[in-house]
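The values are calculated or read from the model by the stated rules, or taken from the named source; none is laboratory data. Quantities reported herein were computed from a predicted structural model and do not represent experimental measurements. A quick note on method: Cβ atoms are made from the backbone with ideal geometry, for glycine too, and the neighbour counts reach across all protein chains shown. To get the accessible areas, we keep the full protein, side chains included, count just its heavy atoms, and leave off ligands, DNA and RNA. Shrake-Rupley method; radii C 1.70, N 1.55, O 1.52, S 1.80 Å.
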Amino acid sequence: MSAVLNGISAAIAGLAVLFFIVGAAGYSNDSDVIEDVAWITISKNGFDVYYGLQKYLFKYNGYEPSLSYDSDTCTLDSCDHCYKDGMASIALIIIALFFTTTVTCISGVLVTSANSIMQTTNSGLALFAAIMGAISLGLFMGDCYNKVYDEVNTDDDYVGSVNLKWGPGSILTLIGVCLLYTSPSPRDRQKSR
């Protein structure tokens, strides 16, 4: 039964790798990618904004400008916060991606040869990767999200309250973290024997 749980663990970690890759794609400069894997989205009265990890994209009546957070023309208070948080988030996602890939490989090896030390190490690596992904989410979806929320809800250009939504990049990163957290642990493997 341990081989089955290790196989499940490898599959779960493999899915987490894919979700972290999508989350990391939010660091793209390409407008289409930012729209597809934005971390924060706003949609109101035909005006859409997609926030990636290094820039944001506006869409209104066929007009689609984008602006990097570190650009001299990005003068909003959120620009500085989102730039720093985006840089830290992509670094942490890359670390999480590396460790999740390692967990996937070790779980694959453990399918054929169970080893309690490797299983415990693998669980520790999965936990570390999940923590890195969670911190990445907390940085960008905490500080940057709050700054953007404060700006768009006090700006005179908007009428009424504007709701920010988690975009596909942040949601899939969160799912990756949850998958790592729920993957079988050595305790589960011992009970299955």
Single unsatisfied condition, V162 versus (1) within 24 Å of Y50 (Cα to Cα); (2) open to solvent by less than 40 Å² (accessible area, probe 1.4 Å); (3) part of a helix (DSSP H, G or I); (4) out of contact with any Cys (no Cβ under 6 Å at 6 or more places or on another chain)
(3)
Where the second residue is surrounded by fewer than 17 Cβ atoms within 10 Å (Cβ to Cβ) and the first is in a helix (DSSP H, G or I) and lies in the range 33-52, which pairs have Cβ atoms under 9 Å and are six or more apart or on separate chains?
E35/D48; E35/E64
Residue count, the range 37-54 (criterion: among the aromatic types (F, W, Y) and open to solvent by 20 Å² or more (accessible area, probe 1.4 Å)):
2
Failed criterion for E64 (all others in (1) at pLDDT below 90; (2) surrounded by fewer than 17 Cβ atoms within 10 Å (Cβ to Cβ); (3) more than 30 Å from V152 (Cα to Cα) hold)
(3)
Helices (runs of 4 or more DSSP H) wholly in the range 77-159 with at least 2 residues that are among the polar types (S, T, N, Q), touching a residue at least 60 places away in the same chain (Cβ under 8 Å) and open to solvent by less than 60 Å² (accessible area, probe 1.4 Å) - which ones?
77-112, 116-138
Considering only the range 11-36, state which residues are in contact with a strand residue (DSSP E or B) (Cβ under 9 Å, 6 or more places away or on another chain) and open to solvent by less than 20 Å² (accessible area, probe 1.4 Å).
G26, I34
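Which residue, of L57, L5, is more than 22 Å from I94 (Cβ to Cβ), out of contact with any Lys or Arg (no Cβ under 8 Å at 6 or more places or on another chain) and crowded, with 18+ Cβ neighbours inside 10 Å? Can you show your working first?
On the way: L5 fails: out of contact with any Lys or Arg (no Cβ under 8 Å at 6 or more places or on another chain).
Testing whether each residue is more than 22 Å from I94 (Cβ to Cβ), out of contact with any Lys or Arg (no Cβ under 8 Å at 6 or more places or on another chain) and crowded, with 18+ Cβ neighbours inside 10 Å leaves just L57.
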